[in-house]
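Student: Submitted below is the structure of interest, expressed as structure tokens.
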Amino acid sequence: ADTPATGVPAPHKAFGRLGTLTDLVVERLRVSDDVAAAKFGTGSPIDDPTREQQVLDQVRQQAGALGLDPEQAAAFFEDQITANKQVQRGLFARWTAHPGEAPTTRPDLGEIRTRLDRLTTDLLGQLKSTVDVRAKRTACTVQLAVATGSAVVLGRLDALHREALDTAVQSVCA
Ligand SMILES: O=C(O)C(=O)C[C@]1(C(=O)O)C=C[C@@H](O)C=C1
């Protein structure tokens with residue numbers, strides 16, 4: 001039940017009851033690097049409000065079908081989008097300052113969005129299966145600290161991705 005439906009095995013296994021959810025959040029942050037690579041130097045803006053609306057529409061629909069509160073699920077995904085843009089902005093700044101670090105191949109944004117859509121489904125499944133632990137404020141806070149702390153170390157997250165992870169998990173226990 002913990003296996004993401006993406007077919008891509010999670011390379012790192014964050015600890016505790018929120019470990020799988022956190023692994024998926026980190027996976028979505030890593031996909032942000034690919035989004036940035038798809039857009040950098042093309043003139044495509046980081047912000048795409050139309051696409052954001054599509055993501056949130058999918059979230060509300062699937063959340064309702066799972067018996068999750070659609071607005072809470074949407075709030076969680078608004079944080080995922082904010083975190084994604086935080087990574088994109090950081091990478092744009094890095095690549096502008098150090099062109100030698102900029103990606104040399106440009107991934108296809110359409111394919112990346114298909115991956116993001118699959119991650120949406122996987123993340124909603126994890127929101128569903130962690131409802132009980134997330135409802136207990138103290139337990140949730142402890143589990144989230146364990147999960148994010150281990151994810152940072154196991155995934156060797158840099159400062160940019162650590163900060164984005166903080167943004168992305170801020171409503172997990174709310
Ligand atoms: O799909 C994109 O173009 C992205 O940049 C990804 C994403 C997201 O996190 O889903 C983030 C920012 C955009 O405003 C729209 C969506």
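Student: Can you name every residue in region 87-97 that is β-branched (Val, Ile, Thr) and within 12 Å of the ligand (Cβ to nearest atom)?
Tutor: 87
Student: Tell me the residue from 5, 73, 1, 36 that is at pLDDT below 95 and either within 16 Å of the ligand (Cβ to nearest atom) or more than 16 Å from the chain's Cα centre (by Cα) (or both), please. Let's see the steps before the verdict.
Tutor: On the way: 5 fails: either within 16 Å of the ligand (Cβ to nearest atom) or more than 16 Å from the chain's Cα centre (by Cα) (or both); 73 fails: at pLDDT below 95; 36 fails: at pLDDT below 95.
Criteria check complete, one pass: 1.
Student: A further question follows. Do you know which residues across region 111-145 are within 12 Å of the ligand (Cβ to nearest atom) and touching a residue at least 24 places away in the same chain (Cβ under 8 Å)?
Tutor: If the condition is that a residue be within 12 Å of the ligand (Cβ to nearest atom) and touching a residue at least 24 places away in the same chain (Cβ under 8 Å), then 112, 113, 115, 116, 117, 119, 120, 123 are the ones that fit.
Student: Now for a different question. Is at least one residue of region 79-86 over 16 Å from the mean Cα position of the chain (by Cα) and either surrounded by fewer than 15 Cβ atoms within 10 Å (Cβ to Cβ) or within 16 Å of the ligand (Cβ to nearest atom) (or both)?
Tutor: The answer is no, given that none of the residues of region 79-86 is over 16 Å from the mean Cα position of the chain (by Cα) and either surrounded by fewer than 15 Cβ atoms within 10 Å (Cβ to Cβ) or within 16 Å of the ligand (Cβ to nearest atom) (or both).
Student: Show me the helices (runs of 4 or more DSSP H) found entirely inside region 68-174 where at least 3 residues are over 21 Å from residue 56 (Cβ atoms) and hydrophobic (A, V, I, L, M, F, W, C).
Tutor: Of the helices (runs of 4 or more DSSP H) lying wholly inside region 68-174, those with at least 3 residues that are over 21 Å from residue 56 (Cβ atoms) and hydrophobic (A, V, I, L, M, F, W, C) span 70-97, 137-154.
Student: Further, regarding this structure: Every residue in region 40-58 that is touching a Leu at 6+ places or on another chain (Cβ under 8 Å) and near the ligand (Cβ under 10 Å from one of its atoms), please. Quick ask: steps written out before the conclusion?
Tutor: Keep residues of region 40-58 that are touching a Leu at 6+ places or on another chain (Cβ under 8 Å), which gives 40, 44, 55.
Result: 44, 55.
Student: Out of the residues in region 43-60 that are part of a helix (DSSP H, G or I) and of a type in the set (Asp, Glu), which is surrounded by the most Cβ atoms within 10 Å (Cβ to Cβ)?
Tutor: If we filter region 43-60 for residues that are part of a helix (DSSP H, G or I), which is where we start, we get 49-60.
In the following step, the residues that additionally are of a type in the set (Asp, Glu) were identified as 52, 57.
Details: 52: 15, 57: 11.
Step by step, filter region 43-60, then rank; the result is 52.
Student: Also: Does region 10-22 contain any residue that is modelled with pLDDT under 95, surrounded by fewer than 13 Cβ atoms within 10 Å (Cβ to Cβ) and not basic (Lys, Arg)?
Tutor: yes
Student: Let me ask another. Quick check on my filter: what residues within region 98-110 are loosely packed, with under 11 Cβ neighbours inside 10 Å and within 15 Å of the ligand (Cβ to nearest atom)?
Tutor: Matches in region 98-110: 108, 110.
The values are calculated or read from the model by the stated rules, or taken from the named source; none is laboratory data. The model shown is predicted, which means the values in this text are computed figures rather than measured ones. Counting neighbours? That spans all protein chains shown, and the Cβs are built from the backbone with ideal geometry, glycine included.
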